[in-house]
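**Student:** My questions all concern the structure below.
Just so you know, all these numbers are worked out from the coordinates, no wet-lab data involved. Computed from a predicted model, the values in this text were never measured in an experiment. No Cβ is skipped: glycine too gets one built from the backbone with ideal geometry, and neighbour counts run over all protein chains shown.
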Amino acid sequence: MNPSRYYVRNGAMHPAGKTKGSAMTDRKGSLEDRLKRLDAELAERRGKDEAGTAADARASESRKGYAVAMKLSSEFVAAVIVGALLGYLLDHFAGTGPWGMIILLLLGFCAGVLNVMRAAGLVASPHPVDRLAGRDPGGRDGSGKTDGA
């Protein structure tokens, strides 16, 4: 290939001695080849993107699981710490010995378990209207009497 007989135009080498009409057909052929290569590359990348999208979905689900686990564990630990702190303060200021700490630590543990069960959906929280009215969901008011009696 003699370099003086060719010129480069739009990234493709063309013979220098061709007429304008034949150069146009070569150019169209070159564009069609480039278009086919571009389509092939795009199809290959789309295939990789679909595989990447599935991996991203699995990673997203995994992150959601870690987030829920962190939320539940932090709620539980916080309830136990608050119960222990309140028990310590009660013992310190009231002089009740270790009993305030023991009782409020156990109450904090129970509150933590209840919060985790509510957040996990195992225990339903009372309806807000019943909670504000002082009634339980069974239809009784705070005095223990039923509505009909």
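**Student:** According to a simple spin-label model (label point 7 Å from Cα along Cα-to-Cβ), what is the distance in nm between R118 and L106?
**Tutor:** Going from the L106 label point to the R118 one covers 2.2 nm.
**Student:** Using θ = phi - 60° and the Karplus curve 6.51 cos²θ - 1.76 cosθ + 1.60, what whole-Hz ³J(HN,Hα) does each residue of segment 37-43 get, with Gly and Pro shown as x?
**Tutor:** 5, 5, 4, 5, 5, 5, 5
**Student:** Could you put Y66, Y88 in order, starting from the residue whose Cβ has the fewest other Cβ atoms within 10 Å?
**Tutor:** Y66, Y88
**Student:** Same structure again: Would you kindly state how much longer the chain becomes between H92 and V68 on full extension, computed as 0.36 nm times their sequence separation minus their alpha carbon distance, in nm to one decimal?
**Tutor:** Stretched out fully, the H92 to V68 stretch lengthens by 5.0 nm.
**Student:** By the scheme Lys and Arg +1, Asp and Glu -1, what is the net charge of all other residues having a beta-carbon under 14 Å from that of G65?
**Tutor:** Computed value for this residue: +3.
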